[in-house]
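Single-structure report; data block below.
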Amino acid sequence: MGRYMPGRNFLFVPGPTNVPDRVQRAMVVAMEDHRSSRFPELSMSVLNDLKKVFKTGSGQVFIFPSSGTGAWEAALTNTLSPGDKILASVFGQFSYLWVDMAQRLGYEVEVLDVAWGQGVPLDRYEQILRFDTQHRIKGVLACHNETATGVTSDIAGVRRALDAARHPALLFVDTVSSLASIDFRMDEWQVDLAVSGSQKGLMLPAGLGILGVSQKALQAMPAAKSRRCYFDLADMIKANATGYFPYTPALPMLYGLRESLNILFEEGLDAVFFRHHYLAEGVRAAITEGWGLKLCAQEPKWYSDTVSAIVVPAGINGAHVIDVAFRRYNLALGAGLSKVAGKVFRIGHLGDLNELMLMGALAGAEMAMLDVGIKVAPGSAVAAASNYWRTHDPVPKKRVSQQEQFYGSHSTGSIQG
Ligand code: PLP
């Protein structure tokens with residue numbers, strides 16, 4: 001074992017994120033019978049309340065004891081048949097991995113290679129969909145927030161591209177690092193499969209794969225011939241109807257989820273999105289104005305409010321910054337993955353977090369950069385971020401949006417074992 005590191009580890013990877021104390025406490029429960037007559041109270045409450053987070057009234061939400069990757073697989077195998085054509089774009093490690101999975105599952109993927117630092121190419125999607133007059137494309141994949149590069153894509157724009165081409169393909173969206181931190185509107189954008197996980201905006205440990213499914217996608221299931229077993233939604237639908245699961249659920253995670261939903265609704269979803277944007281703007285000010293460094297995201301329209309990938313100067317290995325930050329300052333930063341390995345490091349700014357926590361991350365990253373020879377001005381990140389945060393509102397001016405009125409002032413009932 002290494003030496004004891006006093007104080008808290010500063011966890012600033014873009015997932016897993018900090019688990020709030022309230023959520024941690026809610027998960028410390030004795031095991032109980034998941035077939036008891038009381039269990040459905042918990043399961044029904046989290047399944048119903050997750051719909052509010054996905055912003056869906058007509059869709060159905062599923063929870064698997066898996067990570068986000070399992071929900072990717074559930075989305076594909078429940079709605080497609082081997083050989084089906086999929087349109088997808090790759091601009092980072094996670095958009096790549098989803099395509100890789102689709103290929104390994106036997107679908108024919110038309111892959112658009114996009115520069116890492118950009119997002120879903122809407123014009124090219126529309127053009128290809130218009131050209132597909134036979135409607136051979138059955139699914140369109142879009143990664144809402146590419147965690148590897150800190151790029152957010154315009155999902156409303158993907159829907160417009162499908163509509164402009166009058167194309168009936170199912171719309172699959174990866175919301176793993178956007179849900180509950182960046183606005184996502186499943187019904188309004190007519191997203192058919194929305195894939196997510198527990199360890200990011202939902203502020204839980206990894207362990208739940210979460211999937212929002214539209215009525216259109218549910219109707220596609222009987223004709224979908226892909227082999228599926230553990231992730232078969234039909235089994236889940238049958239068991240969930242009475243509040244149970246087809247296998248043993250991850251009970252403490254469900255109690256944790258109940259509490260994280262309570263927290264999200266107490267703050268208000270719009271306030272949560274606003275806070276993420278406000279915090280991200282301060283981080284971006286620190287990176288670009290303070291340090292004078294570049295983001296991997298090439299233009300402001302791609303900037304992610306949940307993660308920033310920072311390009312290190314030529315001749316410096318980003319992994320070195322991360323290693324010094326971790327060993328010397330007890331700060332965990334995100335690594336550059338695959339194509340951008342060594343070229344970037346990432347600061348996750350999502351979940352349960354505020355200005356001063358981010359100040360710690362910025363100061364730690366700055367010290368580590370100085371230590372490895374990057375010539376940034378000491379104190380410049382804190383100066384730029386504080387200048388931004390001190391002159392901007394941390395909460396929306398109008399606290400109750402129409403969106404929130406529509407989705408109600410959510411119940412915060414706590415269910416405890
Ligand atoms: N999609 C995105 C955008 C991600 O960031 C991740 C993980 O970081 C995944 C998918 C995979 O999720 P998991 O690691 O929970 O399987």
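Numerical summary
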item: Theoretical ellipticity at 222 nm over the chain - DSSP helices of four or more residues, -39500 (n - 2.57) apiece, nearest 500; result: -12000 deg cm²/dmol
item: Where Rh is the Kirkwood radius over Cα pairs, Rg/Rh for the stretch 147-263; result: 0.98
item: Cut-off 13 Å between beta-carbons: net charge of the residues surrounding His135, Lys and Arg +1, Asp and Glu -1; result: +3
item: Residues of the stretch 1-159: accessible area per residue with a 1.4 Å probe, Å²; result: 43 Å²
item: Neighbour net charge for Met357 - beta-carbon separation under 13 angstrom, K R +1, D E -1; result: 0
item: Percent RCO, i.e. relative contact order, over the stretch 19-110, from Cα pairs under 8 Å lying at least 6 residues apart; result: 18 percent
item: Theoretical FRET efficiency, 1/(1+(r/R0)^6), r = Cβ-Cβ of Ile237 and Lys216, R0 25 Å, to 0.05; result: 0.95
item: Entries of Lys55/Lys294; Lys85/Lys200; Lys55/Lys339; Lys339/Lys397; Lys138/Lys339; Lys138/Lys397 with Cα pairs more than 32 Å apart; result: Lys55/Lys294; Lys55/Lys339; Lys339/Lys397; Lys138/Lys397
item: 5 angstrom amide H check on Gly197, placed H, neighbours 5+ away; result: Ile210
item: Table column - 3J(HN,Hα) (Hz), the stretch 18-28, Karplus curve with 6.51, -1.76, 1.60, x for Gly and Pro; result: 4, 9, x, 3, 4, 6, 4, 5, 5, 8, 7
item: Antiparallel content of DSSP bridges confined to the chain, in %, to 5; result: 50 percent
item: Exposed-loop-free span, longest in the chain, where trypsin sites (Lys or Arg not before Pro) count as exposed if DSSP calls them loop and at most 16 other C-beta atoms lie within 10 Å; result: 228-374
item: Net charge over other residues, Cβ less than 10 angstrom from the Cβ of Leu80 (K, R count +1; D, E count -1); result: +2
item: Fraction of accessible area attributable to carbon and sulfur, the chain (%, probe 1.4 Å); result: 54 percent
item: Accessible surface, 1.4 Å probe, highest first, among residues Tyr303, Tyr107; result: Tyr303, Tyr107
item: Over the stretch 181-240 - Rg/Rh using Cα atoms and the Kirkwood inverse-distance radius; result: 1.00
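The values are calculated or read from the model by the stated rules, or taken from the named source; none is laboratory data. What you see is a predicted model; the values in this text were computed from it and never measured. For neighbour counting, all protein chains shown are included, and Cβ atoms are generated from backbone atoms with ideal geometry for every residue, glycine included. Please note that ligands, DNA and RNA were not included when accessible areas were found on the heavy atoms of the full protein model with its side chains. Shrake-Rupley method; radii C 1.70, N 1.55, O 1.52, S 1.80 Å.
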